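First up is the structure itself, then whatever we jot down about it.
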Amino acid sequence: MKLLVPIKRVIDYNVKVRVKSDNTGVETSNVKMSMNPFDEIAVEEAVRMKEAGTVEEIIAVSMGVQQCQETIRTALAMGADRGIHVKSDEELQPLAVAKLLKALVNKETPDLVILGKQAIDDDSNQTGQMLAALLDWPQGTFASGIELSDGKAKVIREVDGGLETIEISTPAIITTDLRLNEPRYASLPNIMKAKKKPIEEISPEDLGIDVAPRLTTLKVEEPPKREAGMMVESVAELVEKLKNEAKVI
Ligand code: AMP
């Protein structure tokens, strides 16, 4: 089997995100960037499938600015075989990413595309679903378990209040949830080996896709600041404050 794993370069999950002073977006200059955590889980799952002998080739693809190649190198060090960088300095919204991925799927003909369930910067949770619709492929979203066998994939899905198991035929789209696995750290020898693995660079124009944004962000704001708490002397005082000040009882 051949796998395509889309990985997004996002603000590192440990960084405290700051909103730009003109409220047009969040500050990304001089901020540590890393692979989207759900995409690390997707790469890990793909590498485990390769180690189990069900997958022959893993292609990691990232779309965006030049530095996306660093993110691709991380995936190559984790065990992906080659990379594709769709280079663009434009903002790439989920629909544009899904259209670019569709063009790559037509070019590479993978059996499975494993994406993250959402990118932690825009929290869209759209790209995998849009890609499934554009390709008219089955999809298993929010996967916390995947089993492959003979043209089929069994996907355990995290749903409200429990787990749902579905069976879909491949080729298919799968999106990863947090509990699917724990991604590995790349070892030093593998980081060295990854430097020699190929990364193909192409442009949206090469793929014939118009990536112009379809959505306009009107405003980005910080969440309201929480007011300081207060200590009360007794339960009676607490009840009095809840009743007369907070007016919640
Ligand atoms: P989203 O729909 O933006 O929340 O993203 C869901 C998933 O789509 C991510 O976890 C990635 O697997 C993939 N994705 C989104 N944007 C990109 C990008 N620029 N490059 C590669 N993959 C992406």
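The values are calculated or read from the model by the stated rules, or taken from the named source; none is laboratory data. Bear in mind the structure is a predicted one, so any value in this text is a computation, not a measurement. Reconstructed Cβ throughout: ideal geometry from the backbone, glycine too, with neighbour counts over all protein chains shown.
Looking at this structure, is Val86 among the hydrophobic types (A, V, I, L, M, F, W, C) and without any contact (Cβ under 8 Å) to a residue 24 or more places away in the chain? Criteria not met by Val86. Taken over the stretch 207-249, the residue count meeting the criterion of being under 30 Å from Gly64 (Cα atoms), more than 23 Å from the chain's Cα centre (by Cα) and among the small types (Gly, Ala, Ser) is 1. Residues in the stretch 114-131: is at least one more than 9 Å from the ligand (Cβ to nearest atom) and modelled with pLDDT of 95 or more? No - not one qualifying residue is present in the stretch 114-131.
Quick one: would you say Ser144 is within 16 Å of the ligand (Cβ to nearest atom), of a type in the set (Ser, Thr, Tyr) and either out of contact with any Asp or Glu (no Cβ under 9 Å at 6 or more places or on another chain) or under 20 Å from Glu57 (Cβ atoms) (or both)? When the stated conditions are applied, Ser144 does not pass them. Of the strands (runs of 3 or more DSSP E) lying entirely inside the stretch 1-96, the ones with 1 or more residues being over 16 Å from the mean Cα position of the chain (by Cα) are found at 2-6, 57-64, 82-87.
Within the stretch 100-112, is even one residue at pLDDT 95 or above, within 12 Å of the ligand (Cβ to nearest atom) and either among the β-branched types (Val, Ile, Thr) or closer than 21 Å to Asp12 by Cβ (or both)?
Looking through the stretch 100-112, none of the residues is at pLDDT 95 or above, within 12 Å of the ligand (Cβ to nearest atom) and either among the β-branched types (Val, Ile, Thr) or closer than 21 Å to Asp12 by Cβ (or both).
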